[in-house]
Amino acid sequence: MTKAPISLQDLRRRIYRKAKSDKTHRFWGLFVHTTKMETLEEAYRIAKSNGGAAGVDGQKFSDIESAGRSAFLASVREDLITDRYKPMPNRRVEIPKGNGKVRILQIPCIRDRVVQGAVKLILEAIFEADFCSNSYGFRPKRSPHKALAEVRRSVLRRMSTVIDLDLSRYFDTIQHSVLLGKIAQRIEDPQVLHLVKQIIKVGGKIGVPQGGPFSPLAANIYLNEVDWFFDAIRCKTAEGPYEAVNYHRFADDIVITVSGHHTKRGWAERALQRIREQFAAIGVELNQEKTKVVDTLKGEAFGFLGFDLRRVRKRNGDGYFVLMTPKKKARKAVKAKIRDIVGGGGATPIPDLVKQINATLAGWVNYFRVGNSSRAFSEVRDYVEMKIRTLLTRRKRRRKSSVGWRRWSNEYLYDVLGLYWDWKIQPLPGVGEGK
């Protein structure tokens, strides 16, 4: 009797259960699942849904669709199973950081994105079973908002001293031998390990290139032992239902919260020393200038996931809450995007520019609406209105149908042009709720 093929979802579920039940099991025979058409199809679907620019070969999704997606994926599979697959160089893109420096993204071509995605689909099922609950970045059913809710909970539960960590070029300093060693603790399939090696080596002799589907998973694997080290500290130092130390990580954004009680004096410095020791063992460096210890009882703020967080007294004087406001850097970044859309619009019709602006605003507002963002929203909204009114006036002058500045009404901007208008604030869900 021939067994029916296992669907990808069922396969991932079975792998996860095995990994969860046996922490020492090393998986083999994974390459055949990685190269199945079903896996490649799903990796392609995810890559296409994420969009992104073309790689060094200039090939776009529209090119693949017009030539035939099935033939494209069959060619990828053939290269994999015949050991002819070789990843192309990544296309390097510089992203300004606002401080005069740039962040380098390395964009793989679509073919390599599909292969990385297929590897991730299989390996993620194994390592997700190993990951610690204090890690939130790029994991199923987790989000930045959940991480923020946990940090807020820690600050409101006596952990008033916060170590605000800043890593120096984390993705660029990941050591390949260390990463491959950690992966090999769970993977015994030489073909899959060879694929992983090809993926990470294409970016250089050290570091994992940001911009590919596999990089976030690799980054989580690399810091997993550090996550568990601090979870053990959390358990050891807990007093009843209250923790004295907690650790929260989203990718390379990390904060450690420590009890501010007088009996815990010096614990923050010891926790900082422990994290330095853990990082030194795997070659991760702290940015000493930006890493700081914050006392929230004194009203000092710390940053996490684009927000500034500060403990403040409630208006009625009964207790405290954590004020979360979008960082100045985040406000400047969205305004820069709007400026680029308007400035690079050329002869693009105003309604089309408004659609681009709306898409940018929707993503930014949906992320920051869970904070105390009213002032930031007003600042950005006023800026957008100003840029559009200036553009409208400039275009009218070109056509010589009006002279000087014209006050375009809000009704025209929002009712006629359809400018984004969903600036509502929504409370951040508590731990275990919502997003």
* Asked: Going by the conditions given, is Glu277 over 25 Å from Pro429 (Cβ atoms) and surrounded by 12 or more Cβ atoms within 10 Å (Cβ to Cβ)?
  -> no
* To do: Please work out if Gly363 is open to solvent by less than 70 Å² (accessible area, probe 1.4 Å) and at positive phi.
  => no
* Asked: Quick one: is Ile163 β-branched (Val, Ile, Thr) and open to solvent by 20 Å² or more (accessible area, probe 1.4 Å)?
  -> no
* Asked: Can you pull out the residues in the range 306-319 that are exposed (fewer than 15 other Cβ atoms within 10 Å of the Cβ) and either in contact with a helix residue (DSSP H, G or I) (Cβ under 8 Å, 6 or more places away or on another chain) or in a strand (DSSP E or B) (or both)?
  -> Val312, Arg313
* Does the range 202-213 include one or more residues that are at pLDDT below 95, of a type in the set (A, V, I, L, M) and buried (at least 22 other Cβ atoms within 10 Å of the Cβ)? -> yes
* Could you check, for the range 75-88, whether at least one of its residues is at pLDDT 95 or above, among the aliphatic types (A, V, I, L, M), open to solvent by 40 Å² or more (accessible area, probe 1.4 Å) and at negative phi? => yes
* Asked: Which condition number in (1) within 26 Å of the chain's Cα centre (by Cα); (2) open to solvent by 40 Å² or more (accessible area, probe 1.4 Å) is the one that Ala54 fails?
  -> (2)
* To do: Quick one: Leu193 ticks every box in (1) modelled with pLDDT of 95 or more; (2) of a type outside the set (Phe, Trp, Tyr); (3) in a strand (DSSP E or B); (4) open to solvent by 10 Å² or more (accessible area, probe 1.4 Å) except a single one, so which number is it?
  => (3)
* Report yes if His145 is of a type outside the set (Lys, Arg), farther than 29 Å from Gly371 by Cα and open to solvent by 10 Å² or more (accessible area, probe 1.4 Å), otherwise no. => no
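Residue-by-condition table, conditions (1) closer than 17 Å to Phe131 by Cβ; (2) open to solvent by 10 Å² or more (accessible area, probe 1.4 Å):
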position	(1), (2)
Ile187	yes, no
Gln198	no, yes
Ala218	yes, no
Tyr222	yes, no
Asp227	yes, no
Ile233	no, yes
Lys236	no, yes
Ala244	no, no
* **Every residue from the range 131-181 that is assigned to a loop (DSSP other than H, G, I, E, B) and over 23 Å from Ala268 (Cα atoms)** => Phe131, Gly137, Phe138, Arg139, Pro140, Lys141, Arg142, Ser143, Arg169, Ile174, Gln175
* Asked: When you look at Ser133, is it open to solvent by 30 Å² or more (accessible area, probe 1.4 Å) and closer than 30 Å to Arg234 by Cβ, yes or no?
  -> yes
* Given the structure, is Gly303 open to solvent by less than 50 Å² (accessible area, probe 1.4 Å) and either part of a helix (DSSP H, G or I) or of a type outside the set (D, E, K, R) (or both)? -> yes
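So that you can scan it fast, the table gives a plain yes or no per residue for (1) among the hydroxyl-bearing types (Ser, Thr, Tyr); (2) open to solvent by 30 Å² or more (accessible area, probe 1.4 Å); (3) part of a helix (DSSP H, G or I):
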site: Asp10; (1), (2), (3): no, yes, yes
site: Arg17; (1), (2), (3): no, yes, yes
site: Lys20; (1), (2), (3): no, yes, yes
site: His25; (1), (2), (3): no, yes, no
site: Leu40; (1), (2), (3): no, no, yes
site: Ile46; (1), (2), (3): no, yes, yes
site: Ser49; (1), (2), (3): yes, yes, yes
site: Ser62; (1), (2), (3): yes, yes, yes
site: Ser66; (1), (2), (3): yes, yes, yes
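The values are calculated or read from the model by the stated rules, or taken from the named source; none is laboratory data. Just so it is clear, the model here is predicted, and its values are computed rather than measured. Cβ sites come from the backbone with ideal geometry, for glycine too, and all protein chains shown count toward neighbours. Just the protein is used for accessible areas: all its heavy atoms, side chains included, with ligands, DNA and RNA removed. Shrake-Rupley method; radii C 1.70, N 1.55, O 1.52, S 1.80 Å.
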